[in-house]
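S.K.: Before anything else, here's the structure in question.
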Amino acid sequence: MAGYSSRLLDRTQVAEGTMAFHFAKPSGFDFKAGQFAIWTLPDPPETDAEGNRRTFTIASAPYEDQLMFVTRMRDTAFKRSLKSVAMGAEISIAGPMGSFTLHRDSVRPAVLLAGGIGITPFFSIVKQASHDGLPQSLHLFYSNHRPEDTPFLDILQALEKTNQSFHLIATMTDLPPSQSKWAGETGFINKEMLARYVRDLQAPIYYIAGPPAMVASMQEMLVTSGIDEDSLRMEGFAGY
């Protein structure tokens, strides 16, 4: 596992309570869409028992000239430091790691099931597939409480318009407090929702990413719907 040094270029709010951190891409840092890395602040303004390193999925795509990760802003010393350090602050990156990447058989469709911050590997995968012009069919089912809580919704909607192989199905599970108008799907992802958009539920490889409870629920739903477990790929996002 290689180690690299980088510097903070920018930080942006991408949804309520969620920020993206952008870093210079070190020379020689080659990764596949969907992989992750370990990020360490060498000299943070503060630290706590959780330490000064975290594992984050790389939300940027391999073709892009920056590295980005996205996180919910819990009140920890690491995240307070990320939010307060000056632009240009150094960070150490170990990686890339992980095999949560798109399968090579482009004839077989992919169904991506994302809950909240679990969008990060899929954001990288969809951007790279669109950039490369992959003909592979991609259906992204993306569940959040409200539009305000949904990172990159506008970018994904724009990608769907330019990539005929990509289909976005965003669904909101807690609309009443929302200040935004929403005409899309509502409720949790289930077999009936999948069947409205995927012609043959047995054909795809399924990728699931999100909080562990959501991942377990989606796995159970797919298995009880008759999907072979060999067709499932899962990644839980705990403690974000």
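S.K.: Cα gyration tensor of the range 31-132, axes a ≥ b ≥ c as square roots of the eigenvalues: rounded (a/c below 1.5), prolate (a/b > b/c) or oblate?
M.R.: Because a/c hits 1.5 or more and a/b exceeds b/c, the range 31-132 counts as prolate.
S.K.: Distance from a point 7 Å along Cα→Cβ of Glu192 to each backbone N in the range 153-173: keep the residues under 18 Å and list them by number.
M.R.: Within reach of a label on Glu192, which here means backbone N under 18 Å from a point 7 Å along Cα→Cβ, the range 153-173 contributes 170-173.
S.K.: Now for a separate question. Taking 0.36 nm per intervening residue step and subtracting the Cα-Cα distance, what contour gain separates Arg104 from Asp154 on full extension?
M.R.: The Arg104-Asp154 span can extend by a further 15.2 nm.
S.K.: Using alpha-carbon pairs under 8 Å, 6+ residues apart, how would you state the relative contact order of the chain in percent?
M.R.: On the way: 494 pairs, mean separation 46.4, N = 240.
Relative contact order, the chain: 19 percent.
S.K.: Can you give me the relative contact order of the range 94-175 as a percent, contacts being Cα pairs under 8 Å and 6 or more apart?
M.R.: 32
S.K.: Setting aside same-chain residues fewer than 8 positions from Lys79, which lysines have a Cα under 25 Å from its Cα?
M.R.: Those lysines meeting the cut-off are Lys25.
S.K.: Need the C-alpha centroid separation for the range 16-73 versus the range 145-177, integer Å.
M.R.: Centre-to-centre (Cα) distance: 23 Å.
S.K.: Rank-order 127-133, 175-181, 41-47 by packing density, defined as the average count of other C-beta atoms within 10 Å over each peptide's residues, highest first.
M.R.: 127-133, 41-47, 175-181
S.K.: Further question on the same structure: For the chain, find the longest principal axis of its Cα atoms and tell me its angle to the long axis of helix 212-224, 0 to 90°, nearest 10.
M.R.: Helix 212-224 sits at roughly 20 degrees to that axis.
S.K.: Continuing with this model, one more query. For the chain, take the longest principal axis of its alpha carbons; what is the angle in degrees between that and the long axis of helix 119-132, to the nearest 10 within 0 to 90?
M.R.: Taking Cα atoms only, the helix is inclined about 80 degrees.
S.K.: On to the next question. Given Cα pairs under 8 Å that are at least 6 residues apart, what percent is the relative contact order of the range 3-97?
M.R.: Computed value for the range 3-97: 41 percent relative contact order.
S.K.: For helix 153-162, what angle does its Cα long axis make with the longest principal axis of the chain, in degrees from 0 to 90 and rounded to 10?
M.R.: So the helix axis and the longest Cα principal axis differ by about 60 degrees.
Bear in mind that the values in this text are calculations on the coordinates, not laboratory data. Quick caveat, the model's predicted, so the values are computed rather than measured. Here Cβ is always computed from backbone atoms with ideal geometry, including for glycine, and neighbour counts include all displayed protein chains.
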